[in-house]
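A.B. asks: Quick one: structure below, then a few questions.
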Amino acid sequence: MREIDQLRPLTAGRLLAIWREGREETEDVMERSLLTNAQVLAECCFFQGEAVFSGREDVLEALTAPEMERLLERLCGVGPSGMENPGFDMEKFAAMQGG
């Protein structure tokens with residue numbers, strides 16, 4: 001796997017756009033999952049400030065499905081090196097959910 005020293009999370013709007021693009025491209029759920037996940041990683045993975053992948057096809061050629069899954073888990077904060085949004089206020093979010 002290529003070296004990655006930073007994962008930059010995408011905005012919710014960009015994630016939604018990627019998902020919509022994948023939905024328009026194919027109806028096959030597995031294919032759509034691979035394509036959308038590869039696009040997310042292409043836009044999120046950096047090494048020394050430079051994008052690691054040139055696009056989703058580059059991701060698909062370079063990574064296995066389990067490698068993609070591990071990176072996506074890190075990006076979502078599942079692993080110990082996951083990223084958090086410093087501007088996210090959990091208490092405010094919980095209050096909005098309750099009311």
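The values are calculated or read from the model by the stated rules, or taken from the named source; none is laboratory data. All values reported here derive from a predicted model rather than from experimental measurement. Neighbour counts are summed over all protein chains in view; Cβ atoms, including those assigned to glycine, are modelled from backbone coordinates with ideal geometry. The area values use the complete protein model at the heavy-atom level, side chains included, leaving out ligands, DNA and RNA. Shrake-Rupley method; radii C 1.70, N 1.55, O 1.52, S 1.80 Å.
A.B. asks: Taking the stated definitions as given, is PHE93 at pLDDT 90 or above and either touching a strand residue (DSSP E or B) at 6+ places or on another chain (Cβ under 7 Å) or on the phi < 0 side of the Ramachandran plot (or both)?
C.D. replies: Numbers: at pLDDT 90 or above: no; either touching a strand residue (DSSP E or B) at 6+ places or on another chain (Cβ under 7 Å) or on the phi < 0 side of the Ramachandran plot (or both): yes.
So PHE93 fails the test.
The rows are residues; the columns are (1) in contact with a strand residue (DSSP E or B) (Cβ under 7 Å, 6 or more places away or on another chain); (2) at pLDDT 95 or above; (3) open to solvent by less than 70 Å² (accessible area, probe 1.4 Å).
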{"site": "ALA17", "(1), (2), (3)": "no, yes, yes"}
{"site": "THR26", "(1), (2), (3)": "no, no, yes"}
{"site": "VAL52", "(1), (2), (3)": "yes, yes, yes"}
{"site": "GLY55", "(1), (2), (3)": "no, yes, yes"}
{"site": "ALA62", "(1), (2), (3)": "no, yes, yes"}
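A.B. asks: Restrict the check to the stretch 68-76 and report whether at least one residue is open to solvent by 50 Å² or more (accessible area, probe 1.4 Å), modelled with pLDDT under 95 and assigned to a loop (DSSP other than H, G, I, E, B).
C.D. replies: There is at least one residue in the stretch 68-76 that is open to solvent by 50 Å² or more (accessible area, probe 1.4 Å), modelled with pLDDT under 95 and assigned to a loop (DSSP other than H, G, I, E, B).
A.B. asks: Go over the candidates ALA42, ALA38 one by one and state the one that is among the small types (Gly, Ala, Ser) and in contact (Cβ under 8 Å) with a residue 24 or more places away in the chain.
C.D. replies: On the way: ALA42 fails: in contact (Cβ under 8 Å) with a residue 24 or more places away in the chain.
Result of the check over ALA42, ALA38: ALA38.
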